[in-house]
Amino acid sequence: MSDPVIFSGIQPTGRKHLGNYIGAIRQYVEAQDRGDPAIFCIVDLHAISVAFDPAELRERLYDTTAILLAAGLDPARCILFRQSDVREHTDLTWLLSAVTAHGDLNRMHQFKDKSARQRELVSAALFFYPVLQAADVLAYGAREVPVGEDQRQHIELTREIARRFNERFGETLVEPELRVPELGARIMDLQEPERKMSTTGATEAGTVYVLDEPDAIRKKLGSAVTDSGREVVRSEEKAGITNLIDILAVARGVDPAEVEREFDGAGYGDFKKAVAEGTVELLAPVRERYAELRPDEAALEAALAEGAEKARAIASPTLAAVRDRMGIGPRR
Ligand code: ATP
Ligand code: MG
């Protein structure tokens with residue numbers, strides 16, 4: 001089989017955290033060698049679905065671009081662009097909304113979680129977000145979507161939208177497969193290990209940011225919530241320890257069982273110190289490289305513009321085909 005088209009999106013909100021890095025960004029870097037092409041989109045149009053500040057949005061977009069480049073995305077080997085630069089995404093969103101069930105959108109966990117947290121406005125954009133996300137993926141005929149576990153339901157909906165479109169209008173869109181990492185698909189908040197580490201709605205002390213200084217990382221991991229036991233083993237009753245084992249296993253590139261063996265009988269203190277050092281080492285190269293890249297906004301813009309052009313060349317024929325099948329516009 002030929003190499004798959006791989007697509008994923010990431011929001012330019014807040015500061016990207018360890019969960020984003022382990023669950024998503026790490027996979028993007030690896031996908032560059034397998035994807036033909038590998039396409040990564042900074043989804044600024046998704047970011048406006050919750051409360052946001054315009055000036056900050058632009059800053060965060062550059063931050064996110066620089067983080068992705070610092071983590072190892074190479075514009076010569078992938079397509080990296082800003083969602084709003086490629087208008088095909090929004091055009092396609094509306095067309096796909098005609099084959100999206102309102103009842104399906106109503107069932108989305110993310111909408112339920114995020115709408116419950118909004119203080120001022122629950123926007124229609126927050127409700128409609130999954131249709132835009134489906135358009136993001138389907139515009140490129142992506143076969144694979146590397147994401148964290150929290151995106152499972154959205155990708156299932158994307159498949160359903162593609163299926164319904166193809167049934168109604170003829171085979172046009174590719175049903176994508178979800179790809180979550182074997183380890184670290186759901187990194188949990190360090191203070192509240194029952195919920196995922198998250199840009200919105202997680203605790204500040206429980207969130208390790210990619211750009212955190214080593215001492216901040218040590219402090220957050222040192223005060224990570226565990227349990228009253230002593231065993232460094234994974235289990236359902238030990239959400240905090242399980243999360244830390246996963247983090248260290250990812251940082252060291254080993255099996256979690258190896259971490260359990262090494263810290264058998266060691267106690268939580270030493271174990272947490274090791275997790276902190278592993279995390280510092282995992283993130284330090286990204287933070288250092290980021291500091292070099294972030295100041296040059298013209299270079300970041302140039303990389304995004306180049307990416308947008310390549311993205312448009314793929315998305316535009318898809319949009320044309322969808323319009324044609326739906327009887328929109330003049331006969332082709
Ligand atoms: P928000 O809470 O506002 O949705 P987020 O932290 O989920 O923000 P996104 O930009 O929406 O950040 O997600 C980017 C990618 O990171 C997605 O693929 C998502 O599945 C993944 N991801 C997010 N949080 C985690 C986590 N805790 N563990 C693993 N992967 C995660
Ligand atoms: Mg998210």
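The values are calculated or read from the model by the stated rules, or taken from the named source; none is laboratory data. Just so we're clear, the structure is a prediction, and the values are computed from it rather than from any experiment. Virtual Cβ from ideal backbone geometry, glycine too; neighbours counted across all protein chains shown. Calculation scope for accessible area: heavy atoms of the full protein, side chains included, ligands and nucleic acids excluded. Shrake-Rupley method; radii C 1.70, N 1.55, O 1.52, S 1.80 Å.
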**Message:** Counting only protein heavy atoms and a 1.4 Å probe, tell me what percentage of the stretch 185-312's accessible area is made up of carbon and sulfur.
**Reply:** 49 percent
**Request:** For Ile79, list long-range residues whose amide hydrogen, built 1.01 Å from N in the peptide plane, is under 5 Å from its own amide hydrogen.
**Result:** Ala38, Ile39, Phe40
**Request:** Report the extension gain between Glu309 and Trp94 in nm, rounded to one decimal, defined as 0.36 nm multiplied by the number of residues separating them, less their alpha carbon distance.
**Result:** 75.2 nm
**Prompt:** So which DSSP H runs in the chain come out at 15 Å plus along the axis (Cα) with average Kyte-Doolittle of at least -1.0?
**Reply:** 54-71, 124-138, 239-252, 268-293, 297-326
**Message:** Please compute, for the alpha-carbon atoms of the stretch 254-332, the extent along each of the three principal axes and give them in descending order in Å.
**Reply:** 73, 35, 16
**Request:** Restricting to the chain, compute how many DSSP beta bridges are antiparallel as a %, nearest 5.
**Result:** 15 percent
**Prompt:** Within straight cross-link reach of Lys273, meaning Cα distance under 12 Å, which aspartates and glutamates are found once same-chain residues fewer than 8 apart are removed?
**Reply:** Asp215
**Prompt:** So what is the accessible area of the chain per residue, in Å², with the probe set to 1.4 Å?
**Reply:** 46 Å²
**Message:** Two decimals, Cα atoms only, Kirkwood Rh: what is Rg/Rh over the stretch 181-332?
**Reply:** 1.19
**Request:** Please report, as a whole percent, how much of the solvent-accessible surface of the stretch 83-142 comes from carbon and sulfur atoms (probe radius 1.4 Å).
**Result:** 53 percent
**Asked** Considering the Cα trace of the stretch 1-49, what is its radius of gyration and what is Dmax, both in angstroms?
**Response** 12.2, 39
**Request:** Give the whole-number value, in cubic angstrom per residue, of the convex hull volume spanned by the C-alpha atoms of the chain.
**Result:** 145 Å³
**Request:** Would you calculate a helix-derived [θ] at 222 nm for the chain, using -39,500 (n - 2.57) for each DSSP H run of n ≥ 4 and dividing by the full residue count, to the nearest 500?
**Result:** -16500 deg cm²/dmol
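Quick one: work out Rg over Rh on the C-alpha atoms of the stretch 249-294, Rh as Kirkwood radius.
My calculation puts Rg/Rh at 1.14.
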**Item:** Label-reachable residues, the stretch 10-35, where backbone N falls under 15 Å from a point 7 Å from Glu204's Cα toward its Cβ
**Value:** 14-15
**Rounded FRET efficiency, nearest 0.05, which uses the C-beta distance separating Ala216 from Ala299 and R0 of 22 Å** = 0.20
**Message:** What distance in nm separates the two pseudo spin-label positions at Arg117 and Glu59, each 7 Å out from Cα along the beta-carbon direction?
**Reply:** 2.0 nm
**Message:** Expected output is a single nm value to one decimal: the length gained when fully extending between Arg332 and Arg163, i.e. 0.36 nm times separation in residues minus the C-alpha distance. What is it?
**Reply:** 58.5 nm
